[in-house]
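The values are calculated or read from the model by the stated rules, or taken from the named source; none is laboratory data. Not measured: the values here are computed from a predicted model. Here the Cβ is made from the backbone with ideal geometry for all residues, glycine too, and neighbour counts use every protein chain on show.
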Amino acid sequence: MRTKACFAITLVMAALLGWQHLHGGVPAHHLLADPTLPALSNWWGLLTLPLLAWFLLGRIERRRAARPHAAHGDFAAFTGAVVFGAVLSLLFTAGQNGALDTLVQALALLALFYPIHRAACVLGFVVGMTWTFGAVLPMLAAAAFAAAGAAIYYGVRFIYARAVMQRR
C-alpha cells in the first residue's frame, strides 16, 4: 500500500506541476505570505510530498500492525483533513480572513477531543492544501498544528488525570 500510494502521490504532484508549468509557470510562495521573506517554489513538492507520504504512511502501517482495532478511522481522518485543508485554502484564496482565523482556532477545540497530530490527519491536511500552496508551506503549517494539537490533546488529559488523582 505504501509504495503504491507514494507512487500515486508522486504522479499527481508531477501532473500538478506540469499543469502549472504549462499555464503560466510554477508558482513560488513566500513564507507567512510576506514578500520580504524567502519564497519556496512548488517544484519542491515533487521531492517533499512523496517523502512525507512515505514517512507518514509508514507510521500508519506500524500503528495498524500494533493496534488493528484502532486503525479503522485512518481513512476517515485522512479524508476529513483533506477537506479541512482544502477549505482553508479556498478561504485564503477568497480573502476570507475572518473565517480562516475561525477555522484555525477551531483546530484547538478539535484537538481537545480528537488526535489531530496523527499521521493520517497530517498527510490529509498537507494534501488538501497542496493545490493552492505547494507542498512545503502546508508541511510547515501541519507541523505547527500537529505540535500544538498534541500538546492540547495530551496536555489537557494529563492535567485532568492529575486533578482526578488528587481528588482521590
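Do we have residue 119 as touching a Lys or Arg at 6+ places or on another chain (Cβ under 9 Å), under 29 Å from residue 51 (Cβ atoms), among the hydrophobic types (A, V, I, L, M, F, W, C) and buried (at least 22 other Cβ atoms within 10 Å of the Cβ) here?
Against the criterion (touching a Lys or Arg at 6+ places or on another chain (Cβ under 9 Å), under 29 Å from residue 51 (Cβ atoms), among the hydrophobic types (A, V, I, L, M, F, W, C) and buried (at least 22 other Cβ atoms within 10 Å of the Cβ)), residue 119 qualifies.
Is there a residue in region 143-166 that is among the β-branched types (Val, Ile, Thr) and either surrounded by 17 or more Cβ atoms within 10 Å (Cβ to Cβ) or touching a Lys or Arg at 6+ places or on another chain (Cβ under 8 Å) (or both)?
yes
Of all residues in region 60-72, which are in a helix (DSSP H, G or I) and either modelled with pLDDT of 90 or more or loosely packed, with under 12 Cβ neighbours inside 10 Å (or both)?
60, 61, 62, 65, 66, 68, 69, 70
Looking at region 135-154, I want the residues that are within 19 Å of residue 43 (Cβ to Cβ) and have a partner that is among the polar types (S, T, N, Q) and crowded, with 23+ Cβ neighbours inside 10 Å with Cβ atoms under 8 Å, at least 6 apart or on another chain. Which pairs are those?
135/42; 138/130
Specify which of the listed residues (75, 92) is under 18 Å from residue 140 (Cβ atoms), surrounded by fewer than 17 Cβ atoms within 10 Å (Cβ to Cβ) and in contact (Cβ under 8 Å) with a residue 12 or more places away in the chain.
One residue alone meets the criteria, 92.
When the residues of region 19-53 are filtered to those that are part of a loop (DSSP other than H, G, I, E, B) and aliphatic (A, V, I, L, M), which remaining residue is surrounded by the most Cβ atoms within 10 Å (Cβ to Cβ)?
Going through the qualifying residues, I end up with 26.
Has region 43-61 got any residue that is in contact (Cβ under 8 Å) with a residue 12 or more places away in the chain and over 21 Å from residue 7 (Cα atoms)?
Within region 43-61, none of the residues are in contact (Cβ under 8 Å) with a residue 12 or more places away in the chain and over 21 Å from residue 7 (Cα atoms).
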